[in-house]
């Protein structure tokens, strides 16, 4: 029988709410303190809505292999079908060129999808199958120091440009020249071997607040958890048998805030852990929203040719096919263009980047646009994810006795994704009872 603990969770993003829901499910008393005025962290709804459309701080993609995310959605009463549109993995452009997997088991579907891919020569398709077969034979493992670019440098240039590079930057938010090949292979492994539907795209049909934070908060509130927004924790201090959070006593503390904020709070108690967390580097994501009334793309998500600074976006999402027009009348005709690994776009300036995307849309979507698109909004998340580089040492989930960490940056197999955050939150919750109380000796872990 689990002993009920008083648990303070610092941070109300996806990891913090996952930790809170899991901890409350285990019978613990939970308090969540979020410094922002709204819950959701770096995947949140932005107030207010614009032209009848709820805006998020970025466009997110989930896949069927995200088992922790889907499990937690069910826990708080969310019907996947109501909030996510499930589609077989489709990475095609406006002309239908690219990879599209048929429904069913992912691995045979991958083979059929590659062999039937449009826009690639037979030699290019066979080269991709040979490479994937090699990754399979090696257990989707490689030298941890390899980049994705090095891992795939034997593939034809057309394949690298049209598939590997945009897939890498979408999954890791890190350019292929800098991205960890091992983490990239782990994502591919889970998509292909986690069962039927694992490779499916799960595209949000609602804003990010409605996807998880709103329901998680309601579930926690009805079960007696305390939720505080607009509250920044100034300090945590160990006391006999527990911790004080700004003077209030708790048995355990989970730092589910940003790595920067967690490093600030942890530094007096675990300087090595804090130094490692503070050393992480980041990559931004920029989303450009354009309106073209009457537009309806061939699919809810299309790949783009992000060849240079004049064409920076890798993907476009047709919000009119994803959102409910009855609830959000501004969704039809709105396209969200996503620039992952957007450091160069940020450096050029958002105005210049937005105009480049508008010109890219006109050039690459062509006759699909019934009119000249106009700019609705440019959104940037400057610290969207950590830079997922080879052999990166990420801080561990255990900081000190009774002090844990949860976040997409915490050591684990996934890059900085929603699934990585949810898994870290679950892991922290299950470690609460195992973690020794403050005042007892322990060893903080700063990664492998």
Worksheet item: Which part of segment 372-390 falls in the paramagnetic zone of residue 51, meaning amide N under 16 Å from the point 7 Å along Cα-to-beta-carbon?
Response: 372-379
Fill in: Inter-label distance, nm, simple model (7 Å from Cα along the C-beta direction), residue 434/residue 141
2.2 nm
Fill in: Calculated FRET value between residue 278 and residue 196, using beta carbons and R₀ = 41 Å, to 0.05
0.45
Worksheet, complete the sentence: What helix-only [θ] at 222 nm does the chain give? Using -39500 (n - 2.57) per DSSP H run of at least 4, over all residues, to the nearest 500, the answer is -9000 deg cm²/dmol
Worksheet item: Helix 213-222 versus the longest principal axis of the chain: what is the Cα-based angle in degrees, 0 to 90, to the nearest 10?
Response: 30 degrees
Worksheet item: Looking at the chain, what % of its DSSP beta bridges pair antiparallel, to the nearest 5?
Response: 75 percent
Item to complete: Treat each spin label as a single point 7 Å out from the Cα along the C-beta direction, and report the residue 228 to residue 35 distance in nm.
Response: 1.5 nm
Discussion item. Between 222, 75, 353, where does the largest GNM mean-square fluctuation fall for the chain, given springs only between Cα atoms within less than 10 Å?
Written reply: 222
Worksheet, complete the sentence: Applying the gyration tensor rule to the Cα atoms of segment 216-321 (axes a ≥ b ≥ c; rounded if a/c under 1.5, else prolate if a/b exceeds b/c, else oblate), the class is oblate
Worksheet, complete the sentence: Compactness check, segment 332-404: C-alpha Rg relative to the 2.2 N^0.38 Å globular estimate gives 1.67
Worksheet, complete the sentence: Taking the alpha-carbon centre of each part, the distance from segment 378-405 to segment 350-369 in Å is 33 Å
Fill in: Among 121, 67, 162, residue whose mean-square fluctuation peaks in a GNM of the chain (springs only between Cα atoms under 10 Å)
121
Discussion item. Which residues does the label zone of residue 95 cover in segment 102-118, counting backbone N under 12 Å from a point 7 Å along Cα→Cβ?
Written reply: 118
Worksheet item: For segment 122-274, what is the Kirkwood hydrodynamic radius in Å, using each pair of distinct C-alpha atoms?
Response: 19.8 Å
Practice prompt. Considering Cα pairs under 8 angstrom that are at least six residues apart, work out the relative contact order of segment 282-386 and quote it in whole percent.
Written response: 45 percent
Practice prompt. Going by C-beta contacts inside 10 Å, put 140, 184, 250 in order with the fewest on the left.
Written response: 140, 250, 184
Discussion item. Given an 8 Å cut-off on Cα distances and at least 6 residues of separation, report the relative contact order of the chain as a percent.
Written reply: 23 percent
Practice prompt. Above 36 angstrom, tally the Cα pairs of the chain and express them as a % of all pairs, no decimals.
Written response: 28 percent
Worksheet item: Roughly speaking, what is the stretch gain from residue 177 to residue 161, that is 0.36 nm per residue apart minus the C-alpha to C-alpha distance, in nm to one decimal?
Response: 4.5 nm
Worksheet item: Using a simple spin-label model with points 7 Å from Cα along the Cα→Cβ vector, what separation in nm is obtained for residue 235 and residue 267?
Response: 1.4 nm
Practice prompt. Would you please classify the overall shape of segment 122-182 from the alpha carbon gyration tensor, given that a ≥ b ≥ c denote the square roots of the eigenvalues, rounded means a/c under 1.5, and beyond that prolate means a/b larger than b/c while oblate covers the rest?
Written response: oblate
Item to complete: Would you mind calculating the gained length between residue 367 and residue 244 on full extension (0.36 nm times residue separation, minus the Cα-Cα distance), in nm to one decimal?
Response: 38.1 nm
Item to complete: Could you check how many percent of all C-alpha pairs in segment 102-144 are farther apart than 18 Å?
Response: 35 percent
Item to complete: Compare 219, 243, 273 in a GNM of the chain, Cα atoms joined below 10 Å, and give the one with the largest fluctuation.
Response: 219
Worksheet entry | Alpha-carbon Rg/Rh ratio, for segment 89-193, with Rh computed the Kirkwood way | 0.93
Worksheet item: Where a ≥ b ≥ c are the square roots of the eigenvalues of the C-alpha gyration tensor, would you call segment 282-386 rounded, which needs a/c under 1.5, or, failing that, prolate if a/b is larger than b/c, or oblate?
Response: prolate
Discussion item. Please compute the length gained on full extension between residue 393 and residue 111, using 0.36 nm multiplied by the number of residues separating them and subtracting their Cα-Cα distance.
Written reply: 98.1 nm
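Read the figures in this text as sums done on the coordinates, not as results from a lab. Remember, predicted model here, so these are calculated numbers, not experimental data. A quick note on method: Cβ atoms are made from the backbone with ideal geometry, for glycine too, and the neighbour counts reach across all protein chains shown.
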